[in-house]
1. Any idea which residue in the stretch 71-113 is surrounded by the fewest Cβ atoms within 10 Å (Cβ to Cβ), counting only those that are touching a residue at least 60 places away in the same chain (Cβ under 8 Å), more than 25 Å from residue 193 (Cα to Cα) and in contact with a helix residue (DSSP H, G or I) (Cβ under 7 Å, 6 or more places away or on another chain)?
2. Considering each of 267, 288 in turn, give the residue that is surrounded by fewer than 16 Cβ atoms within 10 Å (Cβ to Cβ) and at pLDDT 95 or above.
3. Is there a residue in the stretch 1-18 that is out of contact with any helix residue (DSSP H, G or I) (no Cβ under 7 Å at 6 or more places or on another chain) and in a helix (DSSP H, G or I)?
4. Specify which of the listed residues (150, 161) is in contact with a helix residue (DSSP H, G or I) (Cβ under 7 Å, 6 or more places away or on another chain), touching a residue at least 12 places away in the same chain (Cβ under 8 Å), more than 23 Å from residue 270 (Cα to Cα) and surrounded by fewer than 16 Cβ atoms within 10 Å (Cβ to Cβ).
5. Report yes if residue 248 is modelled with pLDDT of 95 or more, part of a helix (DSSP H, G or I) and either out of contact with any strand residue (DSSP E or B) (no Cβ under 8 Å at 6 or more places or on another chain) or more than 24 Å from residue 114 (Cα to Cα) (or both), otherwise no.
């Protein structure tokens, strides 16, 4: 484990496991670097796994200034971790808040991203839900400041997209809830306001996302209501993307069903590395269901001798 300088005086706790191509994991709001343990155990046999705690999440530093937290800063931090690990390029796997950062990395630094997995990325993204989402973010931040992380964790850990984890894996859920209760109330509140509430809508970035050539895997639990529609939007927008829906799964997909999650990511990484992850054929975007009403495609003209 190392402490990496993020460039603005903030130090980030990072851990490395295994050898091979770099595989960077970026955690969600309710998680931290420990949340990826089932993935590190699986993938460190073939990849150099990199996990880190975001700013505001001990043992990383917890800056007290609100201006130290933003989506842009989260992207800079991920690049700082890659630089600190000596990784010029990496596959990137992110969940929720980390999934947003993975997508922003593909947008801003495509040369550093071999592929991106965006799991559970969608909360607050739909334009009609943004105002309500931001209000809820502010309420959560205020509760963290007033009541502390442990009290908030008691409610947050049994939210509508977390009860699936509690029901399917009570022991794993209890570990998740205990880790959440131990987070910094200050760091979590500032992250909620500066990163979660203030980040741009993915829908507003659709034109930029449509030009991304980085291979992307989109993952969503079928009971993660806040992410289902955004997942479909991302699939329809990103030209080199695939979509996996995990059955009877909520938001904490990598911990709820690590076997299915790891298998999906493993298959995706293997396809990318062998050059088999394709760009979507534009003919599949026809408004016709059968193609029978579409003009017949012209035969390709052979090149002149």
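The values are calculated or read from the model by the stated rules, or taken from the named source; none is laboratory data. If you're wondering where the values come from, they're calculated on a predicted model, not measured in any experiment. Don't worry about glycine lacking a Cβ; one is built from the backbone with ideal geometry, like all the others, and counts go over all protein chains shown.
1. 89
2. Only one candidate qualifies: 267.
3. Looking for residues that are out of contact with any helix residue (DSSP H, G or I) (no Cβ under 7 Å at 6 or more places or on another chain) and in a helix (DSSP H, G or I), one finds none in the stretch 1-18, hence no.
4. Result of the check over 150, 161: 150.
5. No.
A quick yes/no check of all residues on (1) outside any helix (DSSP H, G or I); (2) out of contact with any strand residue (DSSP E or B) (no Cβ under 7 Å at 6 or more places or on another chain); (3) under 24 Å from residue 34 (Cβ atoms); (4) modelled with pLDDT of 95 or more:
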site: 174; (1), (2), (3), (4): no, yes, yes, yes
site: 187; (1), (2), (3), (4): no, yes, yes, yes
site: 190; (1), (2), (3), (4): no, yes, yes, yes
site: 195; (1), (2), (3), (4): no, yes, yes, yes
site: 211; (1), (2), (3), (4): yes, yes, no, yes
site: 230; (1), (2), (3), (4): no, yes, no, yes
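A quick yes/no check of all residues on (1) assigned to a loop (DSSP other than H, G, I, E, B); (2) at pLDDT 95 or above:
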{"site": "55", "(1), (2)": "yes, yes"}
{"site": "79", "(1), (2)": "no, yes"}
{"site": "101", "(1), (2)": "no, yes"}
{"site": "104", "(1), (2)": "no, yes"}
{"site": "122", "(1), (2)": "yes, no"}
